[in-house]
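Participant: Let me give you the structure first, and then I'll get to my questions.
A short reminder: the numbers here are calculations on the coordinates, not readings from a lab. None of these values were measured; they are calculated from a predicted model. Because the Cβ atoms are built from the backbone with ideal geometry, glycine has one as well, and the counts that use them run over all protein chains shown.
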Amino acid sequence: MQTIATMKELIELNELVFKMNNLNRWSDFKQCDVYNELNKQAFNCIIAFELANFVEKQGRSVNWVCFPRIAISRAFAKVYVFYDTPEHKISFSAKIGNIGKDKFDDVTREYIAVKTSEKFASFLCDNNSSFEEAIYRVASKIATYIELLEYEKIVQNQALISQKKEEIMNEICEYMYIPGVREFINQNSQIFKLFQFVSSLRNKLRWATCCKAVKCSVLGHLFDTAIWAYLIGLEQSSFDEQLATKFFFMGIFHDIAETWTHDIPSPIKDKIEGYRAATEEHESQMLEEHMYPNLVTLGLDEPTRNIMFEDKVNRKYRKFIKIADYLSADSECWRNLVAGSRYYYYWDAIIERKIDKSSKINTVMHTYLTKYAKKVRRRWR
């Protein structure tokens, strides 16, 4: 087995997710912490996946292995370079100083190299195609537009909302050369309405009965899981980026059925005999009723099925996505402990988890998180 990520990279990626979870968006409005950068990156990936598949349907070639690298490097950029500053504001200032986009890309790469390593920075940043980056960028803008439509219902400053919607739509129009963009921004289309439903995952909080120092949503959990799934995919496949990219998107979509079923805690699923299987069947039914029909018109149902657990080919990969799923859960508990929670459930959840040692990444990260959990337990018991 080989992997691009050393212990330093793994710890930094865990920190990165924590910071994204805390980086709230829309500082111009009343703060609402379900609109944070972790949720946003997950939403970006969902839209980018469907848009890239539509592009392929139109006969354009897509280099899929770029997307996880773009998404992770974009996360670094948001946390360490841009924060919550809108891109058009940054672009306006940059034009005044005659500063090109490449300068910001260089600074992002420098941050990644400092926080991780030159090798990791090179892997994430040096071989990405401008076309795939454009797909991801316009997907991000569509996600932003949907956020604004949601904010429109909860803020009083409608004039400012209208102004920002117009700004974002103008930016989206610059990407109309990409097949599917016009269809994806049609508010009456099935695909747009599906994205609006999926966006509600930001409101579904995990660890429902626990006192939360950090709120972790189902939507943010998807991106966290995807990162771990991607690294485990690279590890398990001797660096097969195609398979690792599939793992990444399987992570992004693994809990998407909770849009309709809500988050049912694992302890309950396992406590009652047969209930886990029943919930999985329920999730499959909800996808058949609510998700796939909204993808059929654009021919996107089949590509989406190909990254779901229900696909027979993917059953052999389920184990590794579950490892990533549990690592994300451990990370969520760790975030709450770092943020000052004294609630025993968080340290118990980390310490008592049974480890699948088939992944070195899983073993190393769980050891790291367990060490911290035990330290907190000693302090407060």
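Participant: Fewest to most neighbouring Cβ within 10 Å: what's the order for 313, 107?
Facilitator: Least crowded to most crowded, the residues run 313, 107.
Participant: Farthest toward the dipole's positive end in the chain, which of 134, 185, 380, given Cβ charges of +1 (Lys, Arg) and -1 (Asp, Glu) about the Cα centre?
Facilitator: 380
Participant: Going 7 Å from the Cα of residue 338 along its beta-carbon direction, which residues of segment 12-41 have the amide nitrogen within less than 16 Å of the resulting point?
Facilitator: Zone members listed by number: 12-24, 37-39.
Participant: I would also like to ask the following. Quote the charge dipole size of segment 295-374 about the Cα centre in Debye, to the nearest 20; the model charges only the Cβ of Lys and Arg (+1) and of Asp and Glu (-1).
Facilitator: That gives segment 295-374 a dipole magnitude of about 420 debye.
Participant: While we're here: If you average the alpha carbon positions of segment 150-191 and of segment 218-243, how far apart do those two centres end up, in angstrom?
Facilitator: Cα centroid to Cα centroid, the span is 30 Å.
Participant: Quick one: putting +1 on the C-beta of Lys and Arg, -1 on the C-beta of Asp and Glu, what dipole do you get for segment 7-380 around its Cα centre, in Debye to the nearest 20?
Facilitator: 1360
Participant: Per DSSP helix of 4 or more residues, -39500 (n - 2.57); summed, then divided by the residues of the chain. What does that give at 222 nm, rounded to the nearest 500?
Facilitator: -20500 deg cm²/dmol
Participant: How big is the Rg/Rh ratio for the chain, C-alpha atoms only, Rh by Kirkwood, two decimals?
Facilitator: Here the Rg-to-Rh quotient is 0.94.
Participant: Suppose we keep just the alpha-carbon trace of segment 163-226; what are its Rg and Dmax in angstrom?
Facilitator: Rg, Dmax (Cα atoms, Å): 16.1, 48.
Participant: So what J values fall out for segment 258-270 if you push phi through Karplus, 6.51 cos²θ - 1.76 cosθ + 1.60 with θ = phi - 60°, rounded to Hz, Gly and Pro as x?
Facilitator: Couplings: 5, 3, 10, 9, 6, 8, 9, x, 4, x, 6, 4, 8 Hz.
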